[in-house]
1. Springs between alpha-carbon pairs under 10 angstrom, Gaussian network model over chain A: which of A:E267, A:E98, A:E119 fluctuates most?
2. Got a sec? How would B:T25, A:T162 order by Cβ neighbour count within 10 Å, fewest to most?
3. Quick check on the exposure proxy: order B:W258, A:W251, B:W129 from fewest to most C-beta atoms within 10 angstrom.
4. Could you list B:T54, A:T95, B:T171 so that the one with the fewest beta carbons within 10 Å of its beta carbon is first and the one with the most is last?
5. Take chain A, connect every pair of alpha-carbon atoms lying under 10 Å apart with a spring to form a Gaussian network, then pick out the residue of A:Y15, A:Y103, A:Y173 with the largest mean-square fluctuation.
6. Relative contact order for chain B using alpha-carbon pairs under 8 Å, separation at least 6, rounded to a whole percent?
7. In debye, nearest 20: dipole of the protein assembly as shown around its Cα centre with unit charges on the Cβ of K, R (+) and D, E (-)?
8. Give the lysines whose C-alpha is closer than 16 Å to that of A:K298, dropping any in the same chain fewer than 8 places away, or say none.
Amino acid sequence: MTDETVVMRGVTRRYGRQDAVCDFDLTLRAGECVGLVGHNGAGKSTLIKMMLGLVRPSAGSVRVLGEDPAVGAAARARRELGYLPENVALHPSMTGAETLAFYARLKRQPVTRNAALLERVGIAPAAHRRVGTYSKGMRQRLGLAQALLGSPRALLLDEPTTGLDPALRQSFYEIIRDLSRDGAMVLLSSHALAELEGHVDRVVVMNQGRKVADGSIAGLRGLAAIRPRIRLRLAHALRAVANESNAWAGWSPVSEGVLELSCEESEVVSVLRGLPISAQDIEIIRPSLDELYAAFQKGAI
Amino acid sequence: MRQVIIIAGKELRDGMRNRWVLATTALLAALALTLAFLGAAPTGTVKVGALAVTIVSLSSLTIFLVPLIALLLSYDAIVGEVDRGTMALLLAYPVTRWQIILGKFAGHLGIMAFATVAGYGIAGLALQWAGNEDRGAWTAFTIMVASSVLLGGVFIAIGYLVSTLVRDRGTAGGIAVGVWLFFVLLYDMALLGVLVADQGRTVTAGGLNLLLLLNPADAYRLLNLTATPDVGGFAGVAGLGARTGLGPAVLLGALAAWVVVPLAAATALFARRQI
């Protein structure tokens, strides 16, 4: 068994004339927690559906856990796969416990472990109420519980945290971290890069069906080459710049008494060392993830 | 097989939960009891048994009601789940698409079978208790109940075919009503019109047989109105039945084919559908 959980080679999926996914290469390994980021309609869900075999690629090949997911024989691979669809839909007339039991049986998992699973996602008290009475957050947790059935080796979560409050979101990420520590591959899709910070090892950015970036968030920062800016407050800033133009070369006034300098990451320390004691409120402004994301989406890189 | 049973079990439980089973059983029982006691009253002391009369009127009721119930039960089965998004999740599990269709069919047929057997059975037993001893008609009654379930199966299969053909639940519902109208009302009227206009010149007896077999509702009607001489003697159409030369085996075969063909077509279409 290789540790390559998902391998996609030159995958294209066309809907009519439009390419939802175009010439996509992707390798996801066991133990990795990967964020798939793109705006709505970038092709994230199509990509995940191709990994599940729900949608067949127009061109290219998809292997999940060593099998082609679109072939009926992929039943074995699917038993080791967990999927949480975007806006998970569950049968409203069944209770939480019944829903989980139904899916556990389909996956040939003992139903006895379900109670612990419901406990883990925090809906044990509501296990015997109908899903129709659940709040969005509870449905999402039950959805996560069904994805966790049978300790899957690959988890595909399509926008799992939309509509969850921050506290829930944290507990959600904790569960995901535990899983990836146990050696499962976790793929999380999201439309906001900032949200994934600190939760994923690697980010794949998609735009209009194409992969525009692939790497760690720090790596993406380097790749984006958006320079950090240093900003400080100085009394009589304009006069200082005029009098000592050598020392303040490159600095530009932003507003009354505030100066700003854009420099390379490697120069930050030397610039700070050279500052006079009278400089106040020194700030280092690095590009936010949203700016980074916007830069990738614009195709600037 | 295991997966089929799991899905069938879920459909059965759904049927219990949303009162489908209760409602259809109660409806069929109420109508059957009404027909059994009110419909049998005019037989009086005539030689025809009350149960035989009930069979004739019940099978006419079945032709209208059972296809409608079956279509209402089934038209939503695929398109509804795709629409709500539950199908994508289900297909991510180790289940093949034919197992889903077969499992749903088994579950829905189970609901139909329970409603028919219980609903009509109550009427049959009530007649028996009321003192209308009529042992000979019990065979015909059993055939009637069994073929009613089979007729339900036919329209469940057609409902699935409709459900896999379209992309919208509303459209599926509309087509289902259209299918019901066509097979239950329009087909016979059109057939009658053709026969009258044709005056037996081009439509031969063989052609008529084929046309009757092409409508599952007609196959069911012929099967029940000519099954036994006891019932046949009372049902006016017996003459037609005798002359068609369509034996029970052929009629049952036609009904079975009406289950298998739409179900196979639905499975093939569903296998190719992108969710």
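Derivation of every value follows stated rules applied to the coordinates shown; laboratory data play no part. Since this is a predicted model, take the numbers as computed values, not measurements. Cβ: placed from backbone, ideal geometry, glycine included. Neighbour counts: every protein chain shown.
1. Of A:E267, A:E98, A:E119, the most mobile in the Gaussian network model is A:E267.
2. A:T162, B:T25
3. Least crowded to most crowded, the residues run B:W129, A:W251, B:W258.
4. With the sparsest Cβ surroundings first, the list reads B:T171, A:T95, B:T54.
5. A:Y15
6. Here the relative contact order equals 29 percent.
7. 760 debye
8. A:K211
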